[in-house]
Amino acid sequence: MAIRVDPEWWKTLFDEVYLLTDARSVCNDELTNREVDWICELVPIRPGHRILDLCGGHGRHSLALCERGYENCTVLDYSACLINHGKACAADRDCPVEFVQGNAQNTGFGSGVFDHVLIMGNSLGYALNADADRLILVESRRILRSGGWLLIDVANGASARACFNPIAWHEIGPDIVVCRQREINGNFVCSREMVISKTRGLIRDRTYSIRLYGPDSLAALVREAGFTGVNVETEFAPHKNDGDRGFMNHRMIVTAQKP
């Protein structure tokens, strides 16, 4: 039976349950710091540079960058839940990161106000509309200064297909089990996620999808959005231990500049 996905699933999925089910990635400080190492290696960030963490969730990368001395970070995300969680984390860690709830296709920021735009954690490819990601990249170009850098971190579509696993599950503590059923449908991986408590029963039963990009197709999209100097690094695997990590362990990083 085909997995049916609401085209606007991303507007409601990223909540407290998401922070629980994906904690081994999105709440993992060691993993986040390895990813920030990549950012600092591939993009010439300097203290005082203005950094936009676009679709940045609760700002885990911005918080880590701030603690390294790059304090001029802004996080924009659609999820009010994640934005509020990020604000609380920033207060606890005494990090002056700005958090903004908004739409990545129309951020509301002025033109040329950022030195770098980061799109981390596989945050492209949510919309079924093929033009949606191009609009996000066009907006990224608009808000960057001339010579500013774009960095995108997404799943490597070729590796995701080669290592595809239709059924996966993992446990969280003694009570929670996360079960995922997946199928490839054209350029998308569609997933059904069931979160089950051994004591309370079903917590969540939701579907979502991610567009799979290859190095060439994503590089072409970035160029189409008006960027130059496009470079693609493939086969980043931030998780050190084995196991099914869904879309999070066979990734590629694209860097480019606004002319």
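The values are calculated or read from the model by the stated rules, or taken from the named source; none is laboratory data. Everything numeric here is computed off the predicted structure, so don't read it as measured data. Cβ atoms come from the backbone with ideal geometry, glycine included; neighbour counts cover every protein chain shown. Note: accessible area is taken over every heavy atom of the protein model, side chains too, but ligands, DNA and RNA are not part of it. Shrake-Rupley method; radii C 1.70, N 1.55, O 1.52, S 1.80 Å.
Points worth noting:
- Candidate set: the range 165-207, residues that are outside any strand (DSSP E or B), open to solvent by 70 Å² or more (accessible area, probe 1.4 Å) and not polar (S, T, N, Q); chosen: the one farthest from Asn249 (Cα to Cα): Arg200
- Filtered by the rule that a residue be within 21 Å of Arg251 (Cβ to Cβ), assigned to a helix (DSSP H, G or I) and out of contact with any His (no Cβ under 8 Å at 6 or more places or on another chain), the range 140-161 gives Ser140, Gly157, Ala158, Arg161.
- Any hit, the range 60-69, residues being among the charged types (D, E, K, R), under 19 Å from Gly108 (Cα atoms) and buried (at least 17 other Cβ atoms within 10 Å of the Cβ): no
- Residues within the range 99-128 that are touching a residue at least 60 places away in the same chain (Cβ under 8 Å) and either part of a loop (DSSP other than H, G, I, E, B) or among the basic types (Lys, Arg) (or both), tallied: 10
- Candidate set: the range 41-59, residues that are without any contact (Cβ under 8 Å) to a residue 60 or more places away in the chain and within 16 Å of the chain's Cα centre (by Cα); chosen: the one nearest to Val113 (Cα to Cα): Gly59
- Some residue of the range 215-230 being assigned to a strand (DSSP E or B), farther than 27 Å from Arg142 by Cβ and among the hydrophobic types (A, V, I, L, M, F, W, C): no
- Test result for Leu137, touching a Lys or Arg at 6+ places or on another chain (Cβ under 9 Å), touching a residue at least 12 places away in the same chain (Cβ under 8 Å) and open to solvent by less than 20 Å² (accessible area, probe 1.4 Å): no
- Flag if Asn72 is polar (S, T, N, Q), in contact (Cβ under 8 Å) with a residue 24 or more places away in the chain, closer than 21 Å to Leu144 by Cα and surrounded by 14 or more Cβ atoms within 10 Å (Cβ to Cβ): yes
- Total residues in the range 32-55 satisfying the condition of being assigned to a loop (DSSP other than H, G, I, E, B) and more than 11 Å from Cys73 (Cβ to Cβ): the figure is 6.
- For the range 75-98, the candidate set comprises residues that are over 24 Å from Ile136 (Cβ atoms) and assigned to a loop (DSSP other than H, G, I, E, B); within that set, the residue that is least open to solvent (accessible area, probe 1.4 Å) is Cys95.
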